[in-house]
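The values are calculated or read from the model by the stated rules, or taken from the named source; none is laboratory data. Worth saying up front: this structure is predicted, and the values here are computed from it rather than measured. Quick reminder, even Gly has a Cβ in these numbers, built from the backbone with ideal geometry, and neighbours come from all protein chains shown. With ligands, DNA and RNA removed, areas are computed over all heavy atoms of the protein, side chains included. Shrake-Rupley method; radii C 1.70, N 1.55, O 1.52, S 1.80 Å.
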Amino acid sequence: MTVESTAARKPRRSAGTKSTAGKRTTARNEPGTDPELVQLLTPEGERLKNAEYDKYVAGITPDDLRGLYRDMVLTRRFDAEATSLQRQGELGLWASLLGQEAAQIGSGRATREDDYVFPTYREHGVAWCRGVDPTNLLGMFRGVNNGGWDPNSNNFHLYTIVIGSQTLHATGYAMGIAKDGADSAVIAYFGDGASSQGDVAESFTFSAVYNAPVVFFCQNNQWAISEPTEKQTRVPLYQRAQGYGFPGVRVDGNDVLACLAVTKWALERARSGEGPTLVEAYTYRMGAHTTSDDPTRYRGDDERLAWEAKDPILRLRRYLEASNHADEGFFAELEAESEALGKRVREAVRAMPDPDHFAIFENVYADGHALVDEERAQFAAYQASFADEGGH
C-alpha cells in the first residue's frame, strides 16, 4: 500500500524558499518527519508517493531492489571487517561508513559509467558501485601504497584526505569536460564538516559561474568529528546553494530509493547543461569518525538509538518483505556471501606485500630533480645502515 507524503506536495529546492536562519529544522535526536526531506521509503519500509521524484525510480524492478539491498549489506560487511582489522593492528586507521550505506549506494548507482566521481576517504559504498575491488581501498590504510587503484579505470578518483579539496578538483574536471563537449557529469562527495571549508565555497562559486556539470553530494552525518552541524551553520546545508545561484535539495540519506532518485535528477540536470546542484543527504554517522575517535565523549546513546531505528538496511528489508520481493532463501544466501567477502578481505590484507621503500621518490617531478635524487641517496644510506647493524 502506498500513501501520499507531505514531500510530494511541497517544493524542496532552495531557489526561492524562505530563509530559516536561526531556527533548527529536525533535531538530531528526534526521528520525526522533516517536511523539507525528500523521502520515498519510511523507516518502517512503507513506500511513499512523490510526484516530483517517482519517475526517476519508476522502472526499478524487484531484481534492482534486491541488488540495492545486496550492495548495502556487502558494503557494511566490508566496512565492519576493515574496522576489525584496524582494531587488531592490521590497518593504521579506518573511517567507517556505518549508517551511510543508503546515501552512498543510492547515489553511486545513479551514476553512469562515463561519469567521474571524486570521493573523500569514506566513500566505500560508492567505490563498490564503481567496481573498485574493496581490497584495493585498504592498501593506503595499511601503508603499502598511496591509493591502490587507477582512477581512470573506473572513473573513481583516489581517496582525498585533505578535507574539501576534492570539490575543487571535481569542479575543474567538470569545467574541462564541458569545454570538450561531453555529455557526462561529475559528482563530488564531502561531509557536513567539509562544507565549512573555503575550498568548497570556491567550488560553488566557480561551478555556478561556469555552469559546470557537477553534483555536490554532501553526506550530512551531523558530526564533523565532535562538532555538531548547528555549530557550523544557521540554515540547513542544502539552502547554501541558493546564495551561489543553483538549486539545493535535502534528501533522506537513510532512504536508498530517495537518494537514487534525487541523484539521478541532479546528474541528468548536469548532463543537459543546467549546471551544478547541491544534494544534502541527511543521515547519521552511527560509528566513530575514524577508529582514532571516541564518539561517546561528545554524544549520547539516546541519539544513536533514535537513528538506529532508521537504519537504511533494515528499512529496505522491511519493504522487500512486505512487497514479497525477497524470501528467507535470498537473505540466507546473502549472509553467506557477506561472510565470504569478510574472509576474502581479511586474507587479502594480511597477504599485502611490503611497499617498495623507494617508491615515494617516484613521480614527484616529471623530469627528475636534483634535490629528490639527493634525498633518495640519503634514504638509501639510511636503509643500508639497518642491514649493516643487523648483519643481514
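I need the calculated FRET efficiency for the pair Ala182 and Ala387, taking r as the beta carbon distance and R₀ as 41 Å, to the nearest 0.05. Calculated value: 0.20. Once each of the chymotrypsin sites (Phe, Trp or Tyr not before Pro) sitting in a DSSP loop with at most 15 other beta-carbon atoms within 10 Å is removed, the chain keeps 1-297 as its longest stretch. Database remark: amide H of Arg250 closer than 5 angstrom to the amide H of Val38, Glu280 (H placed geometrically; neighbours at sequence offset of 5 or more, or on other chains; Pro and chain starts carry no H).
Taking each residue as 0.36 nm, the span from Asp63 to Gln88 lengthens on full extension beyond its C-alpha to C-alpha distance by 5.3 nm.
The value of relative contact order for the chain, using C-alpha pairs under 8 Å at least six residues apart, is 24 percent.
Compared with the dominant Cα axis of the chain, that is its longest principal axis, helix 328-350 is turned about 20°.
Note on semi-axes √(5λ) of the Cα gyration tensor in Å: of the candidates (1) 36, 26, 20; (2) 44, 23, 21; (3) 31, 26, 21, the value calculated from this structure sits at (1). For the chain, a Gaussian network of Cα nodes joined below 10 Å ranks Arg271, Arg318, Arg299 by mean-square fluctuation, and the top entry is Arg299. Of the trypsin sites (Lys or Arg not before Pro) found in the range 51-119, those that fall in a DSSP loop while having at most 15 other beta-carbon atoms within 10 Å are Arg112. Each residue of the range 260-266 was assigned a 3J(HN,Hα) from its phi angle through the Karplus expression (A = 6.51, B = -1.76, C = 1.60, θ = phi - 60°), giving 4, 5, 5, 5, 4, 4, 5 Hz with x at Gly and Pro.
Per-residue ellipticity at 222 nm computed for the chain from its helices equals -12500 deg cm²/dmol, with DSSP H segments shorter than 4 residues left out and the rest contributing -39,500 (n - 2.57).
Note on Glu337 and Lys231: their simple-model spin labels are 4.1 nm apart, each label 7 Å out from Cα toward Cβ. If you run the Gaussian network model on the chain, springs between alpha carbon atoms under 10 Å, then out of Thr291, Thr61, Thr167 the most flexible one is Thr61. Per atom type, the chain shows carbon and sulfur on 50% of its accessible surface, probed at 1.4 Å. The distance separating the Cα centre of the range 178-212 from that of the range 69-105 comes to 27 Å. Running a GNM on the chain with Cα contacts under 10 Å, which residue among Ala170, Ala80, Ala185 ends up with the highest mean-square fluctuation? Maximum fluctuation in the GNM of the chain, among the listed residues, is at Ala80.
The 3J(HN,Hα) values that the Karplus relation (6.51, -1.76, 1.60; θ = phi - 60°) gives for the range 204-218 are, in residue order, 4, 4, 5, 5, 5, 5, 9, 6, 6, x, 10, 10, 8, 10, 9 Hz. Gly and Pro appear as x. In sequence order, the range 145-153 has phi-based couplings of 7, 9, x, x, 8, 8, x, 7, 6 Hz under the Karplus curve 6.51 cos²θ - 1.76 cosθ + 1.60, θ = phi - 60°, and Gly or Pro positions carry x. In this Cβ point-charge picture (+1 for Lys and Arg, -1 for Asp and Glu), the chain has a dipole of about 1600 debye about its Cα centre. Take every DSSP beta bridge with both residues inside the chain and express the antiparallel ones as a percent of the total, to the nearest 5. If we restrict to bridges inside the chain, about 10 percent are antiparallel. Counting lysine pairs in the chain that sit 8 or more residues apart in sequence, or on different chains, and whose Cα atoms lie under 30 Å apart gives 23.
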